[in-house]
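Student: Below is a structure I'd like to ask you about.
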Amino acid sequence: MSVLWHAVIVAHSHSHSHSHSPVPDGPPRRALAIALTAVVLVIATLAVAAMIALWPSDDQVPRSQNPYGAAGVSTVDATVTGVDPFDCNSGGEGPDGTIEVTGDCAHVTATVGGDGDAAGDAATFDLDASRYRAGISPGDDIQLIRLEPEGQAASYEFLDFRRGVPLVALAAIFAVLVVAIARWRGLFALVGIGVTLLALTKFVLPAFLAGESPLAVAVVGSTVIMIVVLYLAHGISIRTTSALFGTLVGIALTALVGVAATGWSQLSGIGSEDDQRLIATVPDISLSAIVAGTMVIAGLGVLNDVTVTQASAVWEMRALQPAARGAAVFASAMRIGRDHIASSVYTLVFAYAGSAMTVLLLATAYQRGLADIATTEEIGQEIVRTLVGAIGLVLAVPVTTLFAVWLAPRRIADPEPAASRTGGSHAGPAGH
């Protein structure tokens, strides 16, 4: 522990010696580095202790039967060999009053792959008009549900297309580009993504299902994730620490506003069929509390982006204006922050609009006004989540800027040598 403590202090105190600043930092600020290291270690210790306290045991996490793992039910890979459309009288209203797609259905044949008992078998199944209209062709790689009740012949149903290869390829291209352009920072950022996914799948999601307080789980998980990710991607430095402090304040503010907004807008968390299926599977879960918790997690990426940018802006301004007053640096950095707030708010809105495009198109086709659809549970939940994340982001900008101005070094230029004032030359170290 003492070796780790010393390494962190050294990294903190020498954090600016390798910057691109045109003005040297002077001697390392060891006292400040020690104090900040202590504060960060206390925060990290408390967060890890809270994570351990909230960590659910395996028997606390509800488990449900995999619908594709029951007796006589399995999933198999297959390749489409033939598609034969036929008139199935599709159109009009279905039995539950919903509108059906008009058009042909299709009789599909496929060959089962893999090395299981069904490998090489010829599978046949029918597609309804909507699925056939979406597109399927010979040669497509698909997944099928294989139904084989005891004593009966196996039958097949369409499950989905296999997308493993394109997804892996896109992920590999993304990783290569990030590392090639961002170098070590990009590599560490990818490691940070892995840490985030690990925290979500091993702690946050199981704790939600186990009935732990979703807000506490979200805040604790987000805190641990941000501590690890920020220092991994941006290095151990006082500048990164100032961004961390702003991020943690933003997380706390988002959590408070999220709780208030969820209750005020009466969000139940039941806005789609998946929500209903979840509460049927885990009856004791509080979806409204999970809505508030997910508001914290949903805004982490943009919040991190804004706080890091603000801290970097203050550092660069201090490098260009070593003797500037803190108020002047804060005012300049806030002008950058206002632009960043505007663009980040657009990012949040566009991200939701893109992911909810089907719902928005359907509402438009039904000729429902924007004010009407905005108050529905499904759309209203996302609007509140976006607004709460935006509020936390906006409040985090001035807070991070204050931390950065306070912690950034105020570097005073060396006094002008006497020889230069009298027209002479100076060849000593101060002349360089």
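Student: Among the candidates SER355, SER344, single out the residue that is crowded, with 19+ Cβ neighbours inside 10 Å and without any contact (Cβ under 8 Å) to a residue 60 or more places away in the chain.
Tutor: The unique qualifying residue is SER344.
Student: Looking only at the stretch 287-306, decide whether some residue is in contact with a Gly (Cβ under 9 Å, 6 or more places away or on another chain), assigned to a loop (DSSP other than H, G, I, E, B) and over 19 Å from MET226 (Cβ atoms).
Tutor: So far as the stretch 287-306 goes, no, none of its residues is in contact with a Gly (Cβ under 9 Å, 6 or more places away or on another chain), assigned to a loop (DSSP other than H, G, I, E, B) and over 19 Å from MET226 (Cβ atoms).
Student: Right, next: Every residue in the stretch 88-104 that is more than 18 Å from ALA134 (Cβ to Cβ) and either touching a strand residue (DSSP E or B) at 6+ places or on another chain (Cβ under 9 Å) or at pLDDT 80 or above (or both), please.
Tutor: ASN89, GLY92, GLU93
Student: Search the stretch 266-322 for residues being within 21 Å of VAL394 (Cα to Cα) and small (Gly, Ala, Ser), and hand back the single one that is surrounded by the most Cβ atoms within 10 Å (Cβ to Cβ).
Tutor: ALA311
Student: Can you say whether ALA218 is under 22 Å from THR307 (Cβ atoms), in contact (Cβ under 8 Å) with a residue 60 or more places away in the chain, assigned to a helix (DSSP H, G or I) and of a type in the set (Gly, Ala, Ser), as far as the supplied structure shows?
Tutor: Taking the combined requirement at face value, the residue satisfies it.
Student: If a residue has to be modelled with pLDDT of 85 or more and closer than 21 Å to PHE350 by Cα to count, how many in the stretch 256-272 make the cut?
Tutor: 1
Student: So, in the stretch 358-383, of the ones that are hydroxyl-bearing (Ser, Thr, Tyr) and either outside any helix (DSSP H, G or I) or surrounded by 10 or more Cβ atoms within 10 Å (Cβ to Cβ) (or both), which residue ends up farthest from the chain's Cα centre (by Cα)?
Tutor: TYR366
Every residue, every condition in (1) small (Gly, Ala, Ser); (2) more than 24 Å from GLY389 (Cβ to Cβ); (3) more than 23 Å from the chain's Cα centre (by Cα), yes or no:
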{"site": "ILE270", "(1), (2), (3)": "no, no, no"}
{"site": "ALA292", "(1), (2), (3)": "yes, no, no"}
{"site": "ALA298", "(1), (2), (3)": "yes, no, no"}
{"site": "VAL306", "(1), (2), (3)": "no, no, no"}
{"site": "SER312", "(1), (2), (3)": "yes, no, no"}
{"site": "ALA324", "(1), (2), (3)": "yes, yes, yes"}
{"site": "TYR346", "(1), (2), (3)": "no, no, no"}
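Student: Name the pairs: first residue in the stretch 105-128 and within 10 Å of TYR156 (Cβ to Cβ) and in the same structural domain as GLY82 (by TED's automatic domain parsing), second residue modelled with pLDDT under 85 and crowded, with 17+ Cβ neighbours inside 10 Å, Cβ to Cβ under 7 Å, at least 6 apart or on different chains?
Tutor: As it stands, the answer is VAL112/ALA118, since those pairs meet every condition given.
Student: Sticking with this structure for a sec: Looking only at the stretch 233-255, decide whether some residue is within 17 Å of the chain's Cα centre (by Cα) and modelled with pLDDT under 90.
Tutor: Scanning the stretch 233-255 turns up at least one residue that is within 17 Å of the chain's Cα centre (by Cα) and modelled with pLDDT under 90.
Student: Then there is this: What do you reckon, is LEU230 part of a helix (DSSP H, G or I) and touching a Ser or Thr at 6+ places or on another chain (Cβ under 7 Å)?
Tutor: yes
Student: Still on this structure, I have one more. When residues of the stretch 245-256 are filtered for being farther than 30 Å from ARG318 by Cα and surrounded by fewer than 20 Cβ atoms within 10 Å (Cβ to Cβ), how many remain?
Tutor: Going through the stretch 245-256 one residue at a time, the tally reaches 1.
Student: Name every residue in the stretch 142-170 that is surrounded by 10 or more Cβ atoms within 10 Å (Cβ to Cβ), over 16 Å from ALA122 (Cβ atoms) and among the acidic types (Asp, Glu), in order of residue number.
Tutor: Result: ASP160, single match.
Student: For residues that are part of a helix (DSSP H, G or I) and more than 25 Å from LEU348 (Cβ to Cβ), tally how many sit in the stretch 273-286.
Tutor: The number of residues fulfilling the criteria is 6.
Student: Restricting attention to the stretch 125-139, which residues are under 13 Å from THR81 (Cα atoms) and surrounded by fewer than 12 Cβ atoms within 10 Å (Cβ to Cβ)?
Tutor: SER137, GLY139
Student: Working only within the stretch 271-328, note down all residues that are more than 18 Å from GLN381 (Cα to Cα), free of Cβ contacts under 8 Å to residues at least 40 places away in the same chain and not aliphatic (A, V, I, L, M).
Tutor: PRO283, GLY301, ASP305, THR309, GLN321, ARG325
Student: A further question follows. Determine whether the stretch 332-355 contains at least one residue that is hydrophobic (A, V, I, L, M, F, W, C), outside any helix (DSSP H, G or I) and assigned by TED's automatic domain parsing to the domain that holds SER237.
Tutor: No.
Student: To continue, here is another question. Mind checking which residues of the stretch 230-244 are surrounded by fewer than 23 Cβ atoms within 10 Å (Cβ to Cβ), hydrophobic (A, V, I, L, M, F, W, C) and within 13 Å of ALA44 (Cβ to Cβ)?
Tutor: Hits for the stretch 230-244 are LEU230, ILE236.
The values are calculated or read from the model by the stated rules, or taken from the named source; none is laboratory data. If you're wondering where the values come from, they're calculated on a predicted model, not measured in any experiment. Glycine gets a Cβ as well: all are built from the backbone with ideal geometry, and neighbour counts include every protein chain shown.
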